[in-house]
1. Could you work out the mean projected area of the convex hull around the alpha carbons of region 47-145, in square nanometres to one decimal?
2. Trypsin sites (Lys or Arg not before Pro) within region 44-128: which are DSSP loop residues with at most 13 other Cβ atoms inside 10 Å?
3. What lysines does Lys182 reach when the alpha-carbon gap must be under 25 Å and sequence neighbours fewer than 8 apart in one chain are set aside?
4. When the expected Rg is taken as 2.2 N^0.38 Å, what fraction or multiple of it is the alpha-carbon Rg of region 1-106?
5. So what is Rg over Rh here for region 228-285, counting just Cα atoms and using Kirkwood for Rh?
6. Going by the alpha-carbon gyration tensor, a ≥ b ≥ c the square roots of its eigenvalues, is region 124-234 rounded (a/c under 1.5) or, if a/c is not under 1.5, prolate (a/b greater than b/c) versus oblate?
7. Take every Cα-Cα distance within region 310-390, group them into 10 Å bins from 0 onward, and report for each bin the whole-number percent of pairs it holds.
8. Read phi for every residue in region 258-264 and hand back ³J(HN,Hα) as whole Hz from Karplus 6.51 cos²θ - 1.76 cosθ + 1.60, θ = phi - 60°, with x for Gly and Pro.
Amino acid sequence: MMERLLLKNVLLDGRNRNILIEDKRFKDLDAPAEVADASYLDASGTAILPALYNTHTHAAMTLLRGYADDMPLQKWLNEYIWPFEDRLTPADILRGSEIAAKEMAASGTVFFNDMYFDIEQTIDVVNRSGMRAAIGITVMESHSKAVTEEKKEFVRHWQDPTGGRIRLVMAPHAIYTVGERKLRDCAVFARENGMMLHIHLAETESEKEDCLREHGTTPVRYLDRIGFLGPDVVAAHCVHLDDEEAAILAERGVTVSHCPCSNMKLGSGIFPYRRLMQAGCRITLGTDGASSGNNLDLREAMKFAALLAKVGGRTEQLPAEEVFRWASRAGAEAFGIDAGVIAEGRLADCLLIDLSDIRMQPCHNLVSNFVYAADSRCIRHVLCDGKIIL
Ligand SMILES: [Zn+2]
């Protein structure tokens, strides 16, 4: 039998109404108060918004939250993060992913694009949580937990236990941890198997300098030269690039994942918002791992992104509506998820925002309040794939 859920008395476009969800999708945005065979959710006092899509995470790194702070990226990775990760067991990763999924759902996120190890554990957590995810098979030259060949076998036999909420992607970590041969291999394997690609790119000044020294060109040009870039690529960070590189990313259809909190905390640099916007790049939003962020709250990342874009006096840059679109619709589109907007026929991923929360009052502008004033407590319910997950 078709599953039906009626959200009763919820605010949408300035008017309270009943919204019917049927078979995972918004069926009727102006439904009657009674619908046969439907279960009900009293949504009085809430407004509906699209849910959030986090396009760059390392979920189980919640275990490393607060473990090593206030130092630059390379020192942080080499002396603290990688040695710690060598000792993680699959049971640790299960626990870390559980904490991550709870934290993300509580802050309005229904999807995350992950890059980590022991992916069977994270898949199990996503399956049970009701969320969506793109789970990356992490490829590195020298990390003890990056076992690429084994995972390629896993891909060949894997079947999504959720019926469409999880997909596997290839995730070569970065150009400074993966050699050219493996990068090319990853791209070929991904494209043969209909998988997307997920990579850290142009994150720091030193990545750019090392690339110039080793390959005689900059990170974006290098990846383009070896045929890696395409509309199936999600590139995290993209901080250090020039106008021409921004144009290359746009032309190849690459999705950029902006991680403002991580970039600011690790001192990586300021995201070139205008450059990428003017080039016509698809920009989305990520939190990065909780060891660099130090949380997985994408709502908070929206606020940081919007404020960071205004530093230097350009207050008209990155208005609340635009950064909210990055975090919702653009993130869903990047992964071909038929959601990210509240519209009939689309998958029912949404948030019910508690308008009685003190931070939501008064409500001159719902999206502005959500981006600039709210916190997780303002989110009363989260729905993913038509089901209540919070
Ligand atoms: Zn990262």
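Each value in this text was obtained by applying a stated rule to the coordinates, not by laboratory testing. Model, not experiment: these values are computed from the prediction. Reconstructed Cβ throughout: ideal geometry from the backbone, glycine too, with neighbour counts over all protein chains shown.
1. Over every viewing direction, the Cα hull of region 47-145 projects on average to 7.1 nm².
2. Working: sites: Arg65, Lys75, Arg87, Arg95, Lys102, Arg128; in loops: Arg65, Arg87.
Sparse-neighbourhood loop trypsin sites (Lys or Arg not before Pro): Arg87.
3. Counting by Cα, and skipping residues close in sequence, Lys182 has these lysines nearby: Lys75, Lys145, Lys151, Lys152, Lys208.
4. So the Cα radius of gyration is 1.66 times the expected 2.2 N^0.38 Å.
5. Rg divided by Rh gives 0.95.
6. The shape class here is prolate.
7. Bins of 10 Å from zero give 16, 41, 34, 8, 0 percent of pairs.
8. Result, rounded to whole Hz: 7, 10, x, 5, 5, 4, 6.
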